[in-house]
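Visitor: The structure's right below; bear with me while I get my questions together.
The values are calculated or read from the model by the stated rules, or taken from the named source; none is laboratory data. Predicted, not measured: the structure shown is a model, and the values here were computed from it. Neighbour counts run over all protein chains shown; Cβ positions are idealised from the backbone, glycine included. Accessible surface is based on the protein model in full, side chains and every heavy atom, while ligands, DNA and RNA are left aside. Shrake-Rupley method; radii C 1.70, N 1.55, O 1.52, S 1.80 Å.
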Amino acid sequence: MTVQKVGQLTDRLRAAAVDSARADDLWGAGSVKCRSTGIRTLATHTEHSSTNRRDFLYIATGAVGAVGAAAVVWPLINQLNPDASTLALATIEFDVGAIEEGQSVTITWRGLPVFVRHRTAAEIEEAKAVPLADLKDPETDEQRTKPDHEQWLVMIASCTHLGCVPVGESGDFDGWFCPCHGSHYDTAGRIRRGPAPKNLVVPPYNFVSDTLVQIG
Amino acid sequence: MFKTKIIIATVAALIGLGSVAQAQDHGSTPHIERQPWSFAGIFGTYDEHQLQRGFQVFREVCASCHSARLLAFRNLNEEGGPGFSEEQVKALAAEYEVADATAVDGVRPAVPADRWPSPFANDQEARDANGGALPPDFSVLAKARGVSDPFPTWAFNYFTGYQEGGPDYIHALLNGYHEEVPETAPEGFELPDGKYYNDYFPGHAIGMAPPIADGSVTYEPGEDGQTVPETLEQYSTDVAAFMMWTAEPHLAGRKQTGFVVLLFLVGFAALMWATKRKIWAGIEH
Amino acid sequence: MSEHSTYTPNNAVEKWFDDRLPVVRFAKEHLMDFPTPKNLNYFWTFGAILVMCLGIQIVTGIILAMHYTPNVAMAFDSVEHIRRDVNGGRMIQAFHAVGASMFFVALYIHIFRGMYYGSYKAPREILWILGVLIFLLTMATAFMGYVLPWGQMSGWAAQVITNIFSYIPIVGTPLLELLRGGFTVGNPTLNRFFSLHYLLPFVIAAVVALHIWALHVPGNNNPVGVDVKSSRDTVPFHPYYTMKDLFGMVLFLIPFVWFAFFAPDILGHPDNYVMYNSQVTPSHIVPEWYFLPFYAILRAIDFNFLFINSGLLGVIFFGASILILFFLPWLDTSKVRSGNFRPMFKWFFLIFLVNFIALTYLGAAPAEGIYVILAKICTAYYFIHFLVILPVLSRIETPAPLPTSISESVLGKAHA
């Protein structure tokens, strides 16, 4: 106990002496080094390992801090993603059974209007008869419908030109016509004439049963 | 030395004030017992089976008068909840009709994304059907009720994180009717017509008739054949747990994250302390 | 602090930049090399902790505003929407709500530290006054934020607190309608509170910048309260105090996350989970705990005085209890800063602290019986401390001998 106290006292006296000598050095960027220089005169043999231990401590603290910061940042960004109430409506089910042949309805999916059309045999025939070479965005009728359900055409009701909603059963190809800039779509919703570059988009969907469609 | 004195004096002052508060406490409402909730404490989680039973009680009994407008069907199969399957929730939702201006006739069968349909169109209709008293909405009711603990207890709550006063109160309330004739009150208590006496309801005159009694709901035996007692005590515990879940659906996840965060911070603080000491070594301060 | 200028550009690009916008020089002088007394204790880390609190409130607040709807019909449900549906929303909301309480915990510790160590005394009067201004702005911000969830306590707090203004003679009622945008608290009130609640934190941040500027002119006070005599009394802010402050922040975050994750509602009131109903008052209206001492003072005045009615008098005392802090530097004229060397002040500070805690307690107690009398005594003592005890103490007290310098006191402490 006494020995320790004497040791502490000498340490303190030395510190006071070093203190005044190094007072100005403390202000420089090299202050840490300076301090270890002070120690080196007394403890040469332990200096190397203590420096390593110190550097390891600093790196460990910094690394753990960085992990913590990253863990904080992620939820702050993730909250921008669609929330649970929005995601709950990402997939919808729709019963097409009530739509008569030759009729179409517009439903809403993810905030977009979607056409569901019950096509007549003549319309299907017409769509199938078109040679691919005539198409700006070549797609067969089969690619745009589901097998065994080819009377059903499900498309996002948004003109691929600039996003207007096309008018049904009109235009020069008996399909849809966009009044904004004059794009004509055929009975399979494919672009035939006008400024639109692509066919009307078919959303991901499948038939859960004979008349129940799951979109999304 | 001086700091110690400050602390002692402050604590002494607080205790002094606390005992004054206790002396002032009115004795008319019996003490509300704490229940051993599975969701209390820092490792608390909901018991799926209990939530399913509580949901059954809610659906078969409470829901005829009480709304739960913030509860969506989809919540019932979300993580940390009663753990119904997606198909079960879909089928359940389809049994209910919700208003939808775009549908034919203005109503359509509910889907999981819909919220629980309210039994009454508006508050006034609800009052009219319930003798002038409005049955409160269940969505956050478990957190809108509480127990005011006397002095040392509320201070300890900060350290134990006990926040289950709401379910405790609901459980007590459901068990607080006077069994034989609920319309009777203790001598000297003027019970208005159409009201019932309840030990725990503030003011004691409650508009709700005893909603549930032993045997009023039939629980299906569990997969392992275990049966749960069909008693008022069991029903009230289950429905209070269910109401806590509707009020705080992310409780389990929140506590799990919290535990990790707390561990991290304690470890990080230790590292910071060591680093701070290293940096300050050699500076008299 | 140009006398401490330690920055020399390393290359031509840095010099070019420094000649035009010396922001690097500024940061180096004020955030890294700033000479700071080496004897600051952990009470001094609360300044940095408060900056962290303001940061947390601003970041979480901006996020909440992305999902919140300031409309009386939807506000309550939109807060629940945040808790239930928004990704991580329950935690972000909890951090904001708990953060308000933790902000005030740090704020009160910071203020009482300044009071004990005489940090308001010359040459730091402006620093102190800016601090009191921040306190006022923070109270206003917290109050308006509390209204936004539109629960019973929110709405009735808005109702009761705006009513305070109605007691102002002549202009009272028109002023009340002006503040509310209606005859009672309603949608216009909620909308303007939302707007101001978003604005004020940035005003606070600006005053905080001035507060730190005013701090960096005379430099920090310290636990012994004697001025810095030489560079031996100080250490550069970085790495010594950056590290100490960061450690303080991490420690402070432990109770913070405890409440946010395990008891996010324990500091609030259950009634705020009931949507605001202008027809039904909750049975027991209490403000958030951090307003309780001042609320107790407001309530304690239940008597008329001359031609002033009790309502107006309560408002006068309520306002005076905060405004009196602005005058503290001139009420306590003792030349000795630190309470450590003021044998009598030390005890009166302690009594004042206990009295303040008692006021907090009384603010939550029902206004009946013994509490009414106690509240009056505590209110009287609050003002007596500032208006009688401090000025008199400055005259009659014999301070203990001061150390000649910080270095000397540090060595003395090590010997003791």
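Visitor: Have a look at B:Tyr162, C:Asn221, C:Ala367 and report the one farthest towards the positive end of the charge dipole of the protein assembly as shown, computed about the Cα centre with Cβ charges (Lys/Arg +1, Asp/Glu -1).
Guide: The residue sitting most towards the positive pole is C:Asn221.
Visitor: Over chain B, what is the relative contact order in whole percent, taking alpha-carbon pairs under 8 Å and six or more residues apart?
Guide: Numbers: 360 pairs, mean separation 67.3, N = 285.
Rounded, it is 24 percent for chain B.
Visitor: Moving on to the next point. Show the residues, 5+ positions off or on another chain, whose built amide H is closer than 5 Å to the amide H of C:Gly151.
Guide: Excluding prolines and chain starts, which carry no amide H, the hits are C:Tyr276.
Visitor: Once the dipole of chain C is set up with Lys and Arg at +1 and Asp and Glu at -1 on Cβ about the Cα centre, which of C:Ile111, C:Gly182, C:Ile58 lies farthest towards its positive end?
Guide: It is C:Ile111.
Visitor: Quick one, could you list the DSSP H helices from chain B stretching 24 Å or more along their long axis (Cα atoms) with average Kyte-Doolittle hydropathy of 0.5 or above? Working shown, then result.
Guide: On the way: long enough: B:2-24 (33 Å, 1.22); B:251-280 (42 Å, 0.83).
Length and hydropathy pass: B:2-24, B:251-280.
Visitor: In debye to the nearest 20, how big a dipole does the protein assembly as shown give about its Cα centre with +1 on each Lys and Arg Cβ and -1 on each Asp and Glu Cβ? Write out the running numbers ahead of the final one.
Guide: Details: 63 positive and 85 negative charges, 1369 e Å.
Approximately 6580 debye in magnitude.
Visitor: How many partner chain Cβ atoms sit within 10 Å of a residue's Cβ in peptide C:34-40, on average, as a whole number?
Guide: Values: counts 0, 2, 0, 1, 5, 3, 1.
Taking all residues of C:34-40 together, the mean is 2.
Visitor: Once you have the alpha carbon radius of gyration of the protein assembly as shown, what is it after dividing by 2.2 N^0.38 Å, with N set to its residue count? Kindly include the intermediate steps, with their values, before the conclusion.
Guide: Numbers: Rg = 34.6 Å, N = 917, 2.2 N^0.38 = 29.4 Å.
Ratio of Rg to 2.2 N^0.38 Å for the protein assembly as shown: 1.18.
Visitor: Also: Counting only helical runs of four or more DSSP H residues, what would the 222 nm mean residue ellipticity of the protein assembly as shown come to if each run contributes -39,500 (n - 2.57) and the total is spread over all its residues?
Guide: On the way: 31 runs with 446 residues, N = 917.
The helix-only estimate for the protein assembly as shown comes to -16000 deg cm²/dmol at 222 nm.
Visitor: Per residue, how big is the convex hull of region C:29-411 when only Cα atoms are used? Give it in Å³. Write down the numbers at each step before the final one.
Guide: On the way: hull volume 58.1 nm³, N = 383.
Expressed per residue, the convex hull around the Cα atoms of region C:29-411 is 152 Å³.
Visitor: Explain nothing, just the number: relative contact order of region A:94-210, from Cα pairs under 8 Å at least 6 residues apart, as a whole percent.
Guide: Numbers: 215 pairs, mean separation 24.3, N = 117.
Once normalised by length, the contact order is 21 percent.
Visitor: Can you give me the Cα centroid spacing of region C:341-371 and region C:207-240 in angstrom?
Guide: 31 Å
Visitor: A follow-up question, please. For A:Trp109, which sequence-distant residues (separation of 5 or more, or a different chain) have an amide H within less than 5 Å of its own amide H, given hydrogens modelled in the peptide plane?
Guide: Residues meeting the amide H criterion: A:Val114.
Visitor: Oh, and also: Expressed as a whole percentage, what fraction of the accessible surface of the protein assembly as shown belongs to carbon and sulfur atoms when a 1.4 Å probe is rolled over the protein heavy atoms? Spell out each step's value before the answer.
Guide: On the way: 28350 of 44430 Å².
Of all accessible area on the protein assembly as shown, carbon and sulfur atoms account for 64 percent.
Visitor: Out of residues 5 or more away from B:Glu97 or on other chains, whose amide H comes under 5 Å of its own, with H placed 1.01 Å from N in the peptide plane?
Guide: Distant-sequence amide H within range of B:Glu97: B:Ala110.
Visitor: Using DSSP to call loops (not H, G, I, E or B), can you name the chymotrypsin sites (Phe, Trp or Tyr not before Pro) in region A:141-216 whose Cβ has at most 13 other Cβ atoms within 10 angstrom? Kindly include the intermediate steps, with their values, before the conclusion.
Guide: Working: sites: A:Trp152, A:Phe173, A:Trp176, A:Phe177, A:Tyr185, A:Tyr205, A:Phe207; in loops: A:Phe173.
Sparse-neighbourhood loop chymotrypsin sites (Phe, Trp or Tyr not before Pro): none present.
Visitor: Tell me, what are the semi-axes, in whole angstrom and largest first, of the equivalent ellipsoid of region B:118-170 as set by the roots of 5 times the Cα gyration tensor eigenvalues? Show your work: numbers first, answer last.
Guide: Working: eigenvalues 223, 24, 8 Å².
For region B:118-170, the ellipsoid semi-axes come out as 33, 11, 6 Å.
Visitor: Roughly how tilted is helix C:406-415, in degrees to the nearest 10 and between 0 and 90, from the longest Cα axis of chain C?
Guide: Once rounded, one gets 90 degrees.
Visitor: Considering only lysines 8 or more places apart in sequence, or on different chains, count the pairs in region C:29-411 whose C-alpha atoms sit under 28 Å apart.
Guide: 15
Visitor: Ok, one more. Pop out the ³J(HN,Hα) list for region C:318-326 in order, Karplus 6.51 cos²θ - 1.76 cosθ + 1.60 with θ = phi - 60°, rounded to Hz; leave Gly and Pro as x.
Guide: Result, rounded to whole Hz: 4, x, 5, 4, 8, 5, 4, 4, 4.
Visitor: Give the residue from A:Trp74, C:Ile351, A:Phe115 lying farthest towards the positive end of the charge dipole for the protein assembly as shown; charges sit on Cβ (+1 for Lys and Arg, -1 for Asp and Glu) and the dipole is referred to the Cα centre.
Guide: Result: C:Ile351, furthest along the dipole toward the positive end.
Visitor: Now a separate question. What percent does the relative contact order of chain C come to when contacts are Cα pairs within less than 8 Å and at least six residues apart? Let's see the in-between values first.
Guide: On the way: 497 pairs, mean separation 92.7, N = 416.
In percent, rounded to a whole number, it is 22.
Visitor: With the Cα gyration tensor of chain B giving a ≥ b ≥ c as the square roots of its eigenvalues, does the rule (a/c under 1.5 for rounded; else a/b larger than b/c for prolate; else oblate) give rounded, prolate or oblate? Don't skip to the end; give the middle numbers.
Guide: On the way: a/c = 2.32, a/b = 1.38, b/c = 1.69.
Note, shape of chain B comes out oblate.
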